[in-house]
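Reviewing the structure listed below.
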Amino acid sequence: MKIMKMFRWYWQNTYWALVGFYGAMLGVLLLGSTIAICAGESEVSVNGFSFSSAVMIFVMGIVFFSAGTRFGPSNGASRKSTFYGFLLFLVTLSAGKMLINMILSQMGQWFGVHTQELEALLYPGTSGFGGWLSIFLCQTAAGLATGILGYFIGGAYYRMNKIWKIAVSITVPALAAIGLPLFVVSFPSVAEGIVVKLLAPLGSWVLRSPYCLALLFLGFSILLGLFCWLLIRKAPVKAAG
């Protein structure tokens, strides 16, 4: 029952964010439809619905680690219930958002607004209910993976002291923006070997089917979820701020 208590708490703290998000999405669709009508265009492209949803879920994951860890144990819920409640919430949120996105995309097409997503470009052969289901599962798994990633980052920062927070905030972007390009330039043969031997076969496997990409996201979520549990298992209840 504590799991459902946390599940409801997460939803209660998401309601207005969802209202604002989909209010903006409807506004974009209406604007695109108006432009198509006024300009005499047969179709206007408005893309990024699933990507925007994934970004929103990612941010929620970051925020809800600290917020949930403070609220749950302080209100009688164990850390396990807090964590499982978040996982249940995240799966429901990801599936619900991606389903609504696909419905809005279909509505947009009726009014001359084209909202084709990345998955449809990667897998142009998908069609019918089977194709729709595979894309839906792929997008849901992507939302789950980004939410877990955000939760892990939020948990890592929550457990760090101020010095480590500053160090990580400087080091990680520096390695991504400077260290990785320097590595590629300095050791081109090693970088090429990584791409050819690891990334290329993985990319070929992923492009076989949306289900393969969904499995990749799901595996990533399970692996990172284990680390998230280690972060929250003995996380102290800190005061906000």
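The values are calculated or read from the model by the stated rules, or taken from the named source; none is laboratory data. Keep in mind the model is a prediction, meaning the values are calculated, not measured. Glycine gets a Cβ as well: all are built from the backbone with ideal geometry, and neighbour counts include every protein chain shown. Calculation scope for accessible area: heavy atoms of the full protein, side chains included, ligands and nucleic acids excluded. Shrake-Rupley method; radii C 1.70, N 1.55, O 1.52, S 1.80 Å.
Couple of notes before you dig in:
- When the range 1-16 is filtered for residues that are open to solvent by 50 Å² or more (accessible area, probe 1.4 Å) and among the hydrophobic types (A, V, I, L, M, F, W, C), the ones remaining, listed by number, are MET1, ILE3, MET4, TRP11, TRP16.
- Within the range 71-111, the residues that satisfy the criterion of being farther than 27 Å from LEU133 by Cβ, open to solvent by less than 20 Å² (accessible area, probe 1.4 Å) and either at pLDDT below 85 or hydrophobic (A, V, I, L, M, F, W, C) (or both) are ALA77, PHE83.
- Close pairs from the range 204-225: first farther than 27 Å from ALA156 by Cβ and modelled with pLDDT under 95, partner of a type in the set (Phe, Trp, Tyr) and open to solvent by 30 Å² or more (accessible area, probe 1.4 Å), Cβ under 8 Å, at least 6 apart: CYS212/TRP205
- Selection status of ILE148, touching a Ser or Thr at 6+ places or on another chain (Cβ under 7 Å) and surrounded by 13 or more Cβ atoms within 10 Å (Cβ to Cβ): yes
- Candidate set from the range 183-229 (those that are over 24 Å from the mean Cα position of the chain (by Cα) and among the aromatic types (Phe, Trp, Tyr)); member that is surrounded by the most Cβ atoms within 10 Å (Cβ to Cβ): PHE183
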